[in-house]
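Quick note: the coordinates plus some simple rules give every number you see, no bench work behind them. It should be emphasised that the depicted structure is a prediction, and the values quoted were computed from it without experimental measurement. FYI the Cβ positions are ideal-geometry reconstructions off the backbone, even for glycines, and counts take in every protein chain you see.
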């Protein structure tokens, strides 16, 4: 079977929650997705987070391959501030079969476009652990600029890592396209 190269963003469905629950129980996925242990992984708590959420401050999306229904990852806009017109952004390809194929980049581009063009935000920011070179390369390649770091915030396998903070402004995104 040939893997398709295009992804689209979709709402997260109840049927996706089992896959997301598996990802949140996978240490390999979590070590790159989030610097804290995700404690609430019951289907009930995931349903509340992803399906019954407050869209005013949180917009999660399922990443799917064109023509397919299977979820391959998630991307999120969170802590959306109407007043400041800012939000945090994240992406994770949870299904290992689809990692390293550029789907995260495609999903980020679509999410950034949505944030700037549909929600009319003026800035997006993200946090990435210092050891995640692939993600750092992706974010910098998309035009995100390192704005600082929380030094030695993350402790993983008894090693300390910085949590790097990145941001991109709407005009920088437009200029880079």
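Values computed for the structure shown
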item: Hydrodynamic radius (Kirkwood) for the range 47-103, which is based on Cα pairs only, to one decimal in Å; result: 12.6
item: Gaussian network model of the chain, Cα within-10 Å springs - most flexible of 116, 61, 156; result: 156
item: By average C-beta atoms within 10 angstrom, highest first, the peptides 23-31, 127-135; result: 127-135, 23-31
item: Relative contact order of the range 7-176, pairs being alpha-carbon contacts under 8 Å that are 6 or more residues apart, as %; result: 18
item: C-alpha center-to-center spacing [the range 39-95, the range 105-136] in angstrom; result: 13
item: At 1.002 mPa s and 20 °C, Stokes D of the chain from Kirkwood alpha-carbon radius, µm² per second; result: 128
item: Computed [θ] at 222 nm, deg cm²/dmol, the chain (DSSP H ≥ 4; -39,500 (n - 2.57); rounded to nearest 500); result: -7500 deg cm²/dmol
item: Selected from 107, 149, 115 as most flexible by GNM, with the chain as the system and alpha-carbon contacts under 10 Å; result: 149
item: Global form of the range 98-154, assessed from the alpha-carbon gyration tensor, a/c cut-off 1.5; result: oblate
item: Candidates 22, 105, 118: whichever shows maximal mean-square fluctuation once the chain is modelled as a Gaussian network with Cα springs under 10 Å; result: 118
item: Ranked 16, 82, criterion: other C-beta atoms within 10 Å, fewest first; result: 82, 16
